[in-house]
Every structure is written in structure tokens, then in C-alpha cells.
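Visitor: So that we are looking at the same thing, I have put the structure below in C-alpha cells.
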Ligand code: SAH
């Protein structure tokens, strides 16, 4: 190991000459590349991740649902079956403020209409396959089956000051990031707006009913960090954002600042989202500040480079005033070197101060793979390097990792168990 790293590890300030050298690879330092082994879950040893932007067509359409439509659309849908428009407001209020789709609970509506209204606009879209609890009941992980048998996950996490739901926006994912369980499944299909919103409605209800530990809570945050790449399902995701943010009876009326859309970095769509007038938080899954490594870690980097991506993220901050989150899964000897932390800090600071914060995420590893989380001392050095450079840095807690909490892992595990059983 070189003296540069040795010195930095002691926490003593590095001499300027050495700090300058730390902006690139250090001779002799271990560098594991993502291409050193097939991706997570690959069936053959020569498998390589395959990036795909093509969205397979849905196998049969999901039934029409209130949350697919804006209020005018709901009124029009009821008019088609000769129901008065004001019933759309009533039904919407039940759905968005009492979080119910059960006609029996809508006692202020005449019994004769409630069943018909619910049948027209509130079909069952997501069915619970399995729920797992972790962290003393503060984390609930749901596996859902959709109308066509496709499965997706959502995770509800209760914290002291907030309750956050992590939603899926696609079944599977076409982005093929080799360290991500969902990335190896390929893309099955986009979720409809209502399939996304239903995950939120269910979580809001579960919180109100006090299912997570510590009694009733209010769902305050929604993060698009479950299965899928939200930008590939742009139209449905933006419509879902409207249902989340718009006040009742249009939507739930959640604060936009509590909502985060996480992306691998589809630059044109980041720019489009900036123009939607919804100041949601943007999270960029960067994972490497240099194109050489990021090309292998995030295949879409071959299309939009780190520099372009950070420019778009910075413009997003300027357009919305929302500080951007830079996601960085720390993978042992792959992307966790101190010089990469310095390079990341330099790239961020070059574009301005205080516009981004970094979220290092300890990798959720699979036994026996080269994808392993960093040593604690290496993680500390990485975080310290960023902080010393003036970058706000918060290590993400690893909620639910004992229930396959990381994206796609529960769905993959349940599928494996069912294959073994059959
Ligand atoms: N496609 C979007 C959102 C889904 S993934 C995106 O990539 O941003 C949400 C976050 O979890 C991403 O930052 C992703 O890189 C990260 N992630 C995926 N697999 C992981 C793992 N095994 N350990 C830690 N983080 C992981």
C-alpha cells in the first residue's frame, strides 16, 4: 500500500503534494473491476449485463383505476356509466384522505351507488403475496402480485421523524447494473400510474392503522428506489407524482420535498423533470466519479457520461431549488478509494457549493460474490474525505437488509424458493 493511503488513514492532514496525487489511481492500490465476475444472479460465468431501453408491451391491460386519471378524467369515466360528476369527488376523498378502496367503509354514500362506484374505479390492482417485518417492526416489506401475475416490492420504513415508503416503478429493470438484484432480471414491464399509487395508498393506510411498530404514523416520504428505472417509465411516474403531491380530491397532498425520484442518469429526462414544476428531490445513482469505472458499473454511462450527468443534476438544482442526492453504493476495492472521494468532491464543488449531498450506501452483498461492502475504516476515510472537502455526506442506514431489503432481492428470493418447492 502506498504512503498516500497510509497517511490518509491515520486521519492526519495530507501534505499538499500528496493530496494532488490523490486525484487519480494510486500505484499498487487494489482495483477490483465489475467485469471481474459475471453479474449478480447470472446463470453462466460469461454472462454480461445487457442494457435495454425497450419496454416490453404489457400482457393484457390492467383494469382502469381512479388513480390513473385526473379528477376531470374520473368525472368523465363516471359520466360514461351515468353517474353524476360529484361522485368522483366523494370517491376520490375516500381514496386519497381515508386511504380506502372498500365500498363498505364509504358510509356517507348511498349503499346502492358505493358498490357500483368502487367496481368502476377501484378494482384490486395489487395483491399481497408476502409481508416481512424487520427492525423490531419498524420496517415492513411487501411483495405484490399484479393483475397479470407480475411481482414487485415496496418497503415501508418508520423513523423517529418520518415514515418513508420505497416504491417500485417497473417490474424488473432494463438498466443491467451488475451489482443490483433487479438489474439481472431484465425488464418485464412498466407499472401503470395506479399500480404505483396503490403501493402508496396501501402504505398510508397501514401507517394510519398503526401496523408499523410505535403506533399510528403519517406517511411523509416516498422514494422511487424500489424495482425499476423511473425515468424509463416517465409518463406514468410523472402522473403518479401528481397524485402524490396534488391536494385532495386530486391526490394525497404529500409535500414534494418528501418525495425522491432516483435515476441511473437519463440526462434528457432529468432535464424534462426539472421543467414539470414539481420540486421533488432528484437522486442520482452515481457510484463512481470516473467514466472508466462507471461504464462497467452503470451500463447507461456509455450514453451519458459523468460530466453530462452532473451538469444536468446541477441544472436540476438550479431549476427547482432542491438539493440533489448523489447515491454511492460503497463496494470493497471497487469504488471506495479515497482518491475517488476526492475526485467526487472536486466534481461537485467545481459546479457550485451546497447544491448536492452525498449518500454513501454500504453495499447489500450476496455471500461469495466480489460485490462486498467496504471495510468500516475505508468507509470512514471515504466519508471523511468528502466532508473535509465541504460536501454534506450522510451514510444511508441499511434498513431491512435482513429481509432482503435491497431492491429486487425479496422478489428474487421468493421466486427461487417457489422454484425449489415446485
Ligand atoms: N433505477 C433507479 C432506482 C432504483 S435502485 C436508480 O438506479 O437510481 C435504488 C438505489 O439502490 C440505487 O442507487 C441503486 O444503485 C441502489 N442499489 C441497487 N442494488 C444495491 C445493492 N445491492 N446494495 C446497495 N445499493 C443498491
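Computed from the coordinates by the stated procedures, all read-outs in this text should not be read as laboratory data. Note that this is a predicted model, so its numbers are computed, not measured. Here Cβ is always computed from backbone atoms with ideal geometry, including for glycine, and neighbour counts include all displayed protein chains.
Visitor: Between segment 258-313 and segment 183-237, what is the separation of their alpha carbon centroids in Å?
Guide: 21
Visitor: Something else now. Where does helix 86-97 land angle-wise versus the long Cα axis of the chain, in degrees 0 to 90, nearest 10?
Guide: Value to nearest ten degrees: 40.
Visitor: In addition: How tilted is helix 193-208 with respect to the longest principal axis of the chain? Cα atoms for both, answer in degrees (0 to 90, nearest 10).
Guide: 90
Visitor: Pop out the Kirkwood hydrodynamic radius of segment 66-121 from its pairwise C-alpha distances, inverse of mean 1/r, in Å to one decimal.
Guide: Final number for the Kirkwood radius of segment 66-121 is 11.0 Å.
Visitor: Relative contact order of the chain, please, whole-number percent, based on alpha carbon pairs below 8 angstrom and at least 6 residues apart.
Guide: Over the chain, the number comes to 16 percent.
Visitor: If you don't mind, there's one more thing I want to ask. Run the numbers for residue 76 and residue 32: contour at 0.36 nm per residue of separation, minus the present Cα-Cα distance, in nm.
Guide: 10.1 nm
Visitor: I would also like to ask the following. Taking Cα pairs under 8 Å and at least six residues apart, what relative contact order does segment 66-121 come out at, in percent?
Guide: Reported relative contact order: 28 percent.
Visitor: In degrees between 0 and 90, to the nearest 10, how far off the longest principal axis of the chain does helix 111-121 point, with axes built from Cα atoms?
Guide: For 111-121 against the chain, the angle is about 40 degrees.
Visitor: Still on this structure: Quick one: give the max-minus-min coordinate of the C-alpha atoms of segment 218-260 along each principal axis, largest first, in Å.
Guide: 27, 19, 14
Visitor: Quick check on segment 103-255: take the gyration tensor over C-alpha atoms, sort the square-rooted eigenvalues as a ≥ b ≥ c, and tell me if it's rounded (a/c under 1.5), prolate or oblate.
Guide: Cα axes put segment 103-255 in the oblate bin.
Visitor: Could you give the nm distance between label points at residue 53 and residue 256, where each point is 7 Å from its Cα heading toward the beta carbon?
Guide: 2.7
Visitor: With runs of 4+ DSSP H residues as the only contributors, calculate the mean residue ellipticity of the chain at 222 nm using -39,500 (n - 2.57) per run, divided by the residue total and rounded to the nearest 500.
Guide: Theoretical 222 nm ellipticity from helices: -10500 deg cm²/dmol.
Visitor: Which value results when the Cα radius of gyration for the chain is divided by 2.2 N^0.38 Å?
Guide: Working: Rg = 22.7 Å, N = 422, 2.2 N^0.38 = 21.9 Å.
Rg over 2.2 N^0.38 Å, computed on Cα atoms: 1.04.
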